[in-house]
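Novice: The structure under discussion is supplied below as structure tokens; questions concerning it will follow.
The numbers here are math on the coordinates, done by the rules we state, and not lab data. Everything numeric in this text was worked out from a predicted model, so none of it was measured. Please note: Cβ atoms are built from the backbone with ideal geometry, for glycine as well, and neighbour counts cover all protein chains shown.
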Amino acid sequence: VDLAGVFCEVCPHKIMALINCPECGKQVSTAAKVCPACGFPVAEQGGGPAAGPAGKSPATAELLAEVRPSWWNFFWHWVFFFLIVPPLVAWYRRASMVLRVFSGRITIERGVFSKCYQDYLPRDIRSIDIDQSLLARMANIGDITISTAATTEASEKIEGIPDPNGIRELILAQRGIS
């Protein structure tokens, strides 16, 4: 309904219609030359809202620059990522393996969400091998490989065990051999 030429019945003033501003979407009078909210020239809508300052559409305008945030802007994100993720991985790996030595059996429990339990009798153990690098020897940690007569693979490797020589001696003491 075009109300541009309609007069009010009560007073002699002309009724002005409201339109939505093509730029900001707020309502603007048809008599206004520019939108009071954003300053868009609503009276001169010859080129429409897609027309640029020189009358070119954005599709045919030449791209002068495309700017994205620098990676340096995310420096602290990377620092905290590398400070937080490795301890979480280490905690998960440490929580996912437990070696228990009882007086008559040795139990290995693996997994956090899904579990795997393995029991070994000390008399079935053929050998206990210890592997340590120089740094591991300085920190008194090492990898223990338990070879048994009962398994097909004949060995079970447990990594990063503290005091591997003490654990080896404890297992051999359960077997009755020193």
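Novice: Once you put a point 7 Å from the Cα of Lys115 and another 7 Å from the Cα of Ser155, both along the Cβ direction, what distance in nm separates them?
Specialist: Taking the simple label geometry, Lys115 and Ser155 are separated by 2.9 nm.
Novice: Using a Förster distance of 41 angstrom, determine the FRET efficiency expected from the C-beta separation of Val101 and Phe81, and round it to 0.05.
Specialist: Efficiency, from the Cβ-Cβ distance: 0.60.
Novice: Taking the simple approach of a point 7 Å from Cα along Cα-to-Cβ for both Thr30 and Glu66, what is their distance in nm?
Specialist: Label at Thr30, label at Glu66, 4.3 nm between them.
Novice: For the pair Ala173 and Ala90, what calculated FRET efficiency results from E = 1/(1 + (r/R0)^6), where r is the Cβ-Cβ distance and R0 = 30 Å, to the nearest 0.05?
Specialist: 0.45
Novice: So the label point goes 7 Å from the Cα of Ile108 along Cα→C-beta, right? Which residues of segment 117-140 then have their backbone N under 20 Å from it?
Specialist: Counting only backbone N, you get 117-133.
Novice: Grab the other residues whose beta carbon is less than 9 angstrom from that of Pro164, score K and R as +1, D and E as -1, and report the net.
Specialist: Details: positive: Arg168; negative: Asp131, Asp143, Asp163.
Value of the local net charge: -2.
Novice: Residue by residue through segment 83-92, what is 3J(HN,Hα) from phi via Karplus (6.51 cos²θ - 1.76 cosθ + 1.60, θ = phi - 60°)? Round to whole Hz and write x for glycine and proline.
Specialist: Working through the residues one at a time gives 8, 9, 5, x, x, 5, 5, 5, 4, 4 Hz.
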